[in-house]
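Enquirer: Just dropping this structure here.
The values are calculated or read from the model by the stated rules, or taken from the named source; none is laboratory data. Just so it is clear, the model here is predicted, and its values are computed rather than measured. Reconstructed Cβ throughout: ideal geometry from the backbone, glycine too, with neighbour counts over all protein chains shown. Accessible surface is based on the protein model in full, side chains and every heavy atom, while ligands, DNA and RNA are left aside. Shrake-Rupley method; radii C 1.70, N 1.55, O 1.52, S 1.80 Å.
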Amino acid sequence: MEIAEELAKQQRAISVAEFFEKNRQILGFDSAPRSIITCVKEAVDNSLDACEDAGILPDIFVQIKRKGDYFQVIVEDNGPGIIAEEIPRVFAKMLYGSRFHTLRQSRGQQGIGISAAVLYGQLTSGKPAKVISKIGPNRPALYYELIINTAKNEPEILHKGEINWDQPRGTRIELEMGGSYVRSRRQSVFGYLKNVAIVNPHTRITLVEPDGNTELFERATETLPKKAYAIQPHPSGIELGELIRLLRYTERKKLGVFLKETFSSIGSIATQEICKLADLEPDRSPQSINHEEAKRILAAFKNIKVKSPPIDCLSPIGEDLIKASLEKEFKLDFVATATRPVSVFSGNPFLVEVGLGYGGELDKEGRIDIIRFANRVPLIYQQGACAITHAAESIPWKNYSLAHSNSLGLPTGPAVLMVHIASTNIPFTSESKDAIADLPDILSEIELALKEVGRKLRRYLARQSVLSERSEKEEIIRKILPSIAKKLSEILGENEPDISSVVAKIMGNLLIKRVVDQKDGLLSVKIDIENHSELIRSFKLHEVLSQGASSVMPEAKLIPMSDGYDHYWKLSLSPNEQQLITYQVRLGTKFSEIVIEGIEPEVVTGARVI
Amino acid sequence: MAKIELAQDKLIDLARSLFNQFQEGVVPYIALPSRTKNNIEYSIEDDVWVYGGQETLRSVKTVRGAKTILKTVHMAELLIKEHLQNNRGSTLREIYYISENWKMAKFHEQAESDRLIEDLEILTGLQREDFHIRPEEYGAAVFGPLKIKEQTRRGERELHCQEDVGEAGYKIPFNVDNVKFLDHDAKIVIAIETGGMYARLIENGFDEEFDALLVHIKGQPARSTRRIIKKMNEELNLPVVVFTDGDPWSYRIFASIAYGAIKSAHLSEQLVTPSASFLGVQPSDIVKYDLSTDTLTDQDIHALRNELTDPRFKTPYWERQINLQLELKGKAEQQAFAGKGLDYVTKTYLPERLSEMGLLK
């Protein structure tokens, strides 16, 4: 026998389940604490997807119990339940699912997650998964004990029966597994569920931890997220191989019909245009299109204007709810949000939503926190490998008022950044779904969204700093300057110096000072007006005297009053301009306070403002 | 008495100028030379490093500036009314505690009040001793063939720094002006960084054998230590050598004795001994004597690089030595000589090194 023939004998197909058995790390079961989180995540994802499909407000109960050397993970929902025939395959067959072949936003896609959790439990504890499901109040609750036959990737039912269950409807899964339970800030069951609550504000989650501690994540809204509908692939970004595959297997008989029916956003006019550009007859059979012609169609896709993909295949959270959830989970001074329009990568529509929380009780020193979500699922591992992190690191945050040392890594400051990417197909870097791949289209959309919230933050902080500058000046003027003046007078043994003109300068105010001297039996009066602000100041200055004044420079308008004369001047001073008014009055003339008319009181020092 | 009046007048002038700024409508400010290594320059006249022309302004325009000026005014009042008018004094630390009652003008840490006192020295051209402010610790110690007279609060004392003192030597008072040199048989002053090496030289009788005045400078030398070294150099006409560990921090000790410290460059003329030379441990000694070393830490390397850009170290000698040390990646303590025997440093290293420097005939 030849060597090749010898070797061929050993070749055989590998079952997915077997493959997983040997490579569990790629599905997120690489460490003891993480394995429990992954199990909870897979079960909760399924519950949320099911509830959304059924239009039910999710109420999810999660409990982790210690059981000897093992942990028991229980996840129970109020979802629609699963019919008897489906239960074994949903939980105990890998790559079995309803969502892989449709283009719409959902958490689970490949049908690996929950069966991988079942397999992990089976491998580490040797115990089967216990599933209860009930599809309506008058239907029996079904109870299954399941394991996966790894060689065949088929479910094996160890036990099957009916059971008493007090829920009207829903699904409950119990898994026993090896692992360890940590309660850290972020990479924990608690941290994961907290983030689930942020991004699914319509969900109520109850968590019971091994020590009996109970955490409730209450819902922030009673409104279900908009349902995501399945759509056809979008022409922009589709690849040649995919187009050739669609052409070959379509049931359509004519190219024109094929184009219109297979792709979203292509109508009759676009179809005609494409055929014309590609120089192909619309009645050609799609199967007859050769490689060269397919290339021309692809080129035509790029050269015509196609509508954006319909957004109803996606279910964004919405800016109001992002704001509400961030405010619910963190104490914040300010939240900025941004939603990008739907965009496309490789024929898959996606959109980016961002929330930036600032201030409040967030840590002022450290790097900002970034919470990442893909299709409403929190991503808690491999932050450094994720497109969201890379986009956030590439933003020149200094331009947006956040401290950013050497423009490397994430900025520092009291901020929390939340980024959600919704798509019919999230491009993860690996099957464990920890990080989103660095696709240029996605990166640039995230960057645009981040810059938008950055601009909003910068505006907010600029407004704050004007306020704080004003209050800083108030402190100088009201407390520190008078203390300095007092001390100086104590040291020198003199009266306190007049600080009013320094005050006006610091406040950027209009300063008015009147100095009265006695000269040749008359009172010689000098009014000094200085504009320390950065604006032109136009106003009227009134000087009410018991007697009329003489030698008035510049000339004043005079209005006789019951008890004297109102002398007034119309003045206009540029920034830093000084104006002098001089006049003389007889001894014994009574003065009143100088009155300014026509500008805001807070910018005037040394006179009354009307 | 004249000195007290001078100090008082200078402080009152400062208060007067702030007072006048208010009256003239000038936003009050105080200008000070900026105290960084980029603003020290070599004074040919005095052969020392002094502050250059860069100024920083303390203005009441900002809360910080306004508070600093308020503190300055409080400090001036304390010095005039408590210290000078009553002929009393306080230590740097006591002043920090006195400020507890100054409300808004209270210091947050002693470093802040120390800095303000240095500012006042710069503004008035006087020294803190003139304001009756003294450091916590008295300066370092002297051992060697020198007879002195010290004016103490309890009368005059005359002592010989070998015969009338214990093994620790004569302790230098904080005000060096109170010390008079009466007589000596010394040929050289050796300033020594560590207590261990100072004691080693005394134990080995180095002061007697080589007619040396040993000064223990205790790490970064206090002002009084630097002043007594300068006084020995000028009044007794003795050469000064500095013997420290072989690491970047020790070179700074030498620099503060021979060139002037960045923090107190305003006092360089009073404190610096320009003719002092560096004895060792030199990086080239590490090679020549095959001394055992410790690896340079990141901070050491950073400090050495910093020195390469420090104008005070911009000489071919220092550039050669510092670059050599960066190559060696090692530093040696004075005590490293003990690895070759307890007498090695006094019998071999110092005689060789002093002849090399032309200081031993």
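Enquirer: One residue is enough: does the range A:572-583 have a residue meeting the conditions farther than 26 Å from A:Asp520 by Cα, among the small types (Gly, Ala, Ser) and without any contact (Cβ under 8 Å) to a residue 60 or more places away in the chain?
Expert: So far as the range A:572-583 goes, yes, one or more of its residues are farther than 26 Å from A:Asp520 by Cα, among the small types (Gly, Ala, Ser) and without any contact (Cβ under 8 Å) to a residue 60 or more places away in the chain.
Enquirer: Regarding the range A:150-170, can at least one residue be identified that is within 26 Å of A:Gly55 (Cβ to Cβ), part of a strand (DSSP E or B) and basic (Lys, Arg)?
Expert: Checked the range A:150-170: no residue is within 26 Å of A:Gly55 (Cβ to Cβ), part of a strand (DSSP E or B) and basic (Lys, Arg).
Enquirer: Now for a separate question. Cβ-Cβ distance below 9 Å, separation of 6 or more or different chains: which pairs start in the range B:262-282 with a residue that is within 19 Å of B:Glu307 (Cα to Cα) and end on one that is in a helix (DSSP H, G or I) and acidic (Asp, Glu)?
Expert: Correct list of pairs: B:Lys263/B:Glu118; B:Ser264/B:Glu118; B:Ser264/B:Glu121.
Enquirer: I would also like to ask the following. Among the numbered criteria (1) modelled with pLDDT of 90 or more; (2) farther than 26 Å from B:Asn38 by Cα, which single criterion is violated by B:Gly280?
Expert: (1)
Enquirer: Among the residues of the range B:272-321 satisfying the criterion of being part of a strand (DSSP E or B) and polar (S, T, N, Q), which is nearest to the chain's Cα centre (by Cα)?
Expert: Selected residue: B:Ser277.
Enquirer: Counting only residues that are among the small types (Gly, Ala, Ser) and at the interface with chain B (Cβ under 7 Å from one of its Cβ atoms), which one in the range A:466-519 is nearest to B:Asn20 (Cα to Cα)?
Expert: A:Ala485
Enquirer: Can I ask one more? Restricting attention to the range A:295-310, report how many residues are open to solvent by less than 20 Å² (accessible area, probe 1.4 Å) and either out of contact with any strand residue (DSSP E or B) (no Cβ under 6 Å at 6 or more places or on another chain) or of a type in the set (Asp, Glu) (or both).
Expert: Within the range A:295-310, residues that are open to solvent by less than 20 Å² (accessible area, probe 1.4 Å) and either out of contact with any strand residue (DSSP E or B) (no Cβ under 6 Å at 6 or more places or on another chain) or of a type in the set (Asp, Glu) (or both) number 4.
Enquirer: Checking the structure you have, find out if any residue of the range B:217-225 is open to solvent by 40 Å² or more (accessible area, probe 1.4 Å), within 22 Å of B:Tyr42 (Cβ to Cβ) and at pLDDT below 90.
Expert: Checking the range B:217-225: at least one residue is open to solvent by 40 Å² or more (accessible area, probe 1.4 Å), within 22 Å of B:Tyr42 (Cβ to Cβ) and at pLDDT below 90.
Enquirer: Could you say whether any residue in the range A:102-114 is modelled with pLDDT under 80, among the hydroxyl-bearing types (Ser, Thr, Tyr), farther than 26 Å from A:Arg66 by Cβ and within 40 Å of the chain's Cα centre (by Cα)?
Expert: Yes.
This table checks each residue for (1) under 18 Å from A:Asp59 (Cβ atoms); (2) open to solvent by 60 Å² or more (accessible area, probe 1.4 Å); (3) of a type in the set (A, V, I, L, M, F, W, C).
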position	(1), (2), (3)
A:Val131	no, no, yes
A:Ile147	no, no, yes
A:Thr150	no, no, no
A:Glu162	no, yes, no
A:Gly178	no, no, no
A:Asn200	yes, no, no
A:Thr203	yes, no, no
A:Leu207	yes, no, yes
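Enquirer: Here's something else I'd like to know. What are the residues in the range A:311-332 that are assigned to a loop (DSSP other than H, G, I, E, B) and exposed (fewer than 14 other Cβ atoms within 10 Å of the Cβ), if any?
Expert: The one that is assigned to a loop (DSSP other than H, G, I, E, B) and exposed (fewer than 14 other Cβ atoms within 10 Å of the Cβ): A:Lys331.
Enquirer: Take the residues in the range A:217-245 that are open to solvent by 30 Å² or more (accessible area, probe 1.4 Å) and assigned to a helix (DSSP H, G or I), then tell me which one is nearest to A:Arg284 (Cα to Cα).
Expert: A:Ile244
Enquirer: Quick test for you: out of A:Glu365, A:Glu447, A:Glu431, pick the one residue that is touching a helix residue (DSSP H, G or I) at 6+ places or on another chain (Cβ under 8 Å), part of a loop (DSSP other than H, G, I, E, B) and either among the basic types (Lys, Arg) or surrounded by fewer than 22 Cβ atoms within 10 Å (Cβ to Cβ) (or both).
Expert: Checking each option against the conditions leaves just A:Glu431.
Enquirer: Check B:Asp13, B:Asp46, B:Asp9 and return the single one that is among the acidic types (Asp, Glu), within 11 Å of chain A (Cβ to nearest Cβ) and under 29 Å from B:Leu84 (Cβ atoms).
Expert: That would be B:Asp13, the only listed residue that is among the acidic types (Asp, Glu), within 11 Å of chain A (Cβ to nearest Cβ) and under 29 Å from B:Leu84 (Cβ atoms).
Enquirer: Working only within the range A:474-520, note down all residues that are closer than 26 Å to B:Met75 by Cβ and open to solvent by 50 Å² or more (accessible area, probe 1.4 Å).
Expert: Passing the criteria: A:Glu474, A:Glu475, A:Arg478, A:Lys479, A:Lys486, A:Glu490, A:Gly493, A:Glu494, A:Asn495, A:Glu496, A:Asp498, A:Lys505.
Enquirer: Continuing with this model, one more query. Given the options A:Glu292, A:Glu273, name the one that is without any contact (Cβ under 8 Å) to a residue 12 or more places away in the chain and open to solvent by 40 Å² or more (accessible area, probe 1.4 Å).
Expert: Result: A:Glu292 is the single residue among A:Glu292, A:Glu273 that is without any contact (Cβ under 8 Å) to a residue 12 or more places away in the chain and open to solvent by 40 Å² or more (accessible area, probe 1.4 Å).
Enquirer: Give me the residue from the range B:162-179 that is in contact (Cβ under 8 Å) with a residue 24 or more places away in the chain and out of contact with any helix residue (DSSP H, G or I) (no Cβ under 9 Å at 6 or more places or on another chain) and, out of that set, least open to solvent (accessible area, probe 1.4 Å).
Expert: Of everything passing the filter in the range B:162-179, B:Tyr170 is least open to solvent (accessible area, probe 1.4 Å).
Enquirer: Would you mention how many residues in the range B:265-275 are in contact with a helix residue (DSSP H, G or I) (Cβ under 8 Å, 6 or more places away or on another chain) and open to solvent by less than 10 Å² (accessible area, probe 1.4 Å)?
Expert: 4
Enquirer: In this structure, does B:Leu79 turn out to be within 14 Å of another protein chain (Cβ to nearest Cβ), within 24 Å of the chain's Cα centre (by Cα), at pLDDT 90 or above and within 27 Å of B:Ile262 (Cβ to Cβ)?
Expert: Criteria met by B:Leu79.
Enquirer: Look at the range A:536-559 and say how many of its residues are more than 14 Å from A:Leu571 (Cβ to Cβ), out of contact with any Asp or Glu (no Cβ under 7 Å at 6 or more places or on another chain) and open to solvent by 50 Å² or more (accessible area, probe 1.4 Å).
Expert: 4
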